[in-house]
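Structure record follows, encoded as structure tokens.
The values are calculated or read from the model by the stated rules, or taken from the named source; none is laboratory data. None of the values given here were measured: they were computed from a predicted structure. Glycine also receives a Cβ, built like all others from the backbone with ideal geometry; neighbour counts cover every protein chain displayed.
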Amino acid sequence: MVTVIDASGAVLGRMASIVAKRLLKGEEIAIVNAEKAIILGDEQMVKQEYREKREIGTQRKGPFFPRMPHMIVKRTIRGMLPYQQPKGREALKRLKCYIGVPDEYKDANMERVGIPEKKPYKYITIEELSRYLGAKI
């Protein structure tokens with residue numbers, strides 16, 4: 001049984017930490033509308049931080065940081081898992097992230113996690129960030 005989580009309006013860090021804990025417990029999770037999640041903070045500061053993450057390393061050796069929204073979400077969750085250990089690798093295999101809502105999850109009961117109580121003042125959506133990083137969505 002797959003748990004479907006709608007990321008629309010969810011704060012990326014809060015959602016990622018909740019999802020990481022649930023993955024470690026053995027749940028299978030699919031995140032839909034990954035591009036609509038938000039990152040709190042000043043827009044220019046967030047863009048600069050993610051641009052620096054992309055520019056670290058070399059083309060040959062990495063580290064490689066993604067541009068696509070669903071892969072940014074997946075990479076953020078990976079950072080909250082013990083990825084270098086077998087249990088972390090297995091947990092990451094149980095995670096699927098999607099841009100939009102695929103046909104198989106259209107009628108599914110969607111859960112919302114990491115939603116702020118009131119609308120934040122400064123934020124940027126993952127879609128805007130991805131376009132800035134050069135993704136062609």
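If you check MET71, MET80, which single one turns out to be within 16 Å of the chain's Cα centre (by Cα), assigned to a loop (DSSP other than H, G, I, E, B) and at pLDDT 95 or above?
Details: MET71 fails: assigned to a loop (DSSP other than H, G, I, E, B).
Exactly one of MET71, MET80 is within 16 Å of the chain's Cα centre (by Cα), assigned to a loop (DSSP other than H, G, I, E, B) and at pLDDT 95 or above, namely MET80.
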Quick one: is LEU40 over 15 Å from VAL4 (Cα atoms), among the aliphatic types (A, V, I, L, M) and surrounded by 17 or more Cβ atoms within 10 Å (Cβ to Cβ)? no
Return the residue satisfying two criteria in turn: it lies in the stretch 42-68 and is touching a strand residue (DSSP E or B) at 6+ places or on another chain (Cβ under 9 Å) and outside any helix (DSSP H, G or I), and of such residues it is modelled with the highest pLDDT. ASP42
Taking the options ARG54, ARG112, name whichever one is surrounded by fewer than 17 Cβ atoms within 10 Å (Cβ to Cβ) and either in contact with a Pro (Cβ under 6 Å, 6 or more places away or on another chain) or closer than 20 Å to VAL4 by Cα (or both). ARG112
Filtered residues of the stretch 64-90 (kept if exposed (fewer than 13 other Cβ atoms within 10 Å of the Cβ) and of a type in the set (S, T, N, Q)): GLN84, GLN85
When restricted to LYS93, LYS61, LYS106, LYS47, the only residue in contact (Cβ under 8 Å) with a residue 40 or more places away in the chain and either more than 15 Å from GLY13 (Cβ to Cβ) or surrounded by 15 or more Cβ atoms within 10 Å (Cβ to Cβ) (or both) is LYS47
If I ask for residues that are more than 12 Å from ALA34 (Cβ to Cβ), part of a loop (DSSP other than H, G, I, E, B) and under 16 Å from the mean Cα position of the chain (by Cα), which ones from the stretch 86-115 would you list? ARG94, ARG112, VAL113, GLY114, ILE115
Of everything in the stretch 114-132, what is at pLDDT 95 or above and among the hydrophobic types (A, V, I, L, M, F, W, C)? Give them in sequence order. ILE124, ILE126, LEU129
Say whether the condition of being touching a Ser or Thr at 6+ places or on another chain (Cβ under 8 Å) and among the basic types (Lys, Arg) is met by at least one residue in the stretch 68-90. no
In the stretch 115-135, which residue that is of a type in the set (D, E, K, R) and under 17 Å from ARG51 (Cβ atoms) is surrounded by the fewest Cβ atoms within 10 Å (Cβ to Cβ)? ARG131
The stretch 1-41: strands (runs of 3 or more DSSP E) wholly inside it with 1 or more residues that are under 10 Å from the mean Cα position of the chain (by Cα) and not small (Gly, Ala, Ser) are 28-32, 38-40
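In this structure, is ARG22 touching a residue at least 12 places away in the same chain (Cβ under 8 Å) and buried (at least 17 other Cβ atoms within 10 Å of the Cβ)? I'd like the intermediate steps shown before the answer.
On the way: touching a residue at least 12 places away in the same chain (Cβ under 8 Å): yes; buried (at least 17 other Cβ atoms within 10 Å of the Cβ): yes.
For ARG22, the condition - touching a residue at least 12 places away in the same chain (Cβ under 8 Å) and buried (at least 17 other Cβ atoms within 10 Å of the Cβ) - is met.
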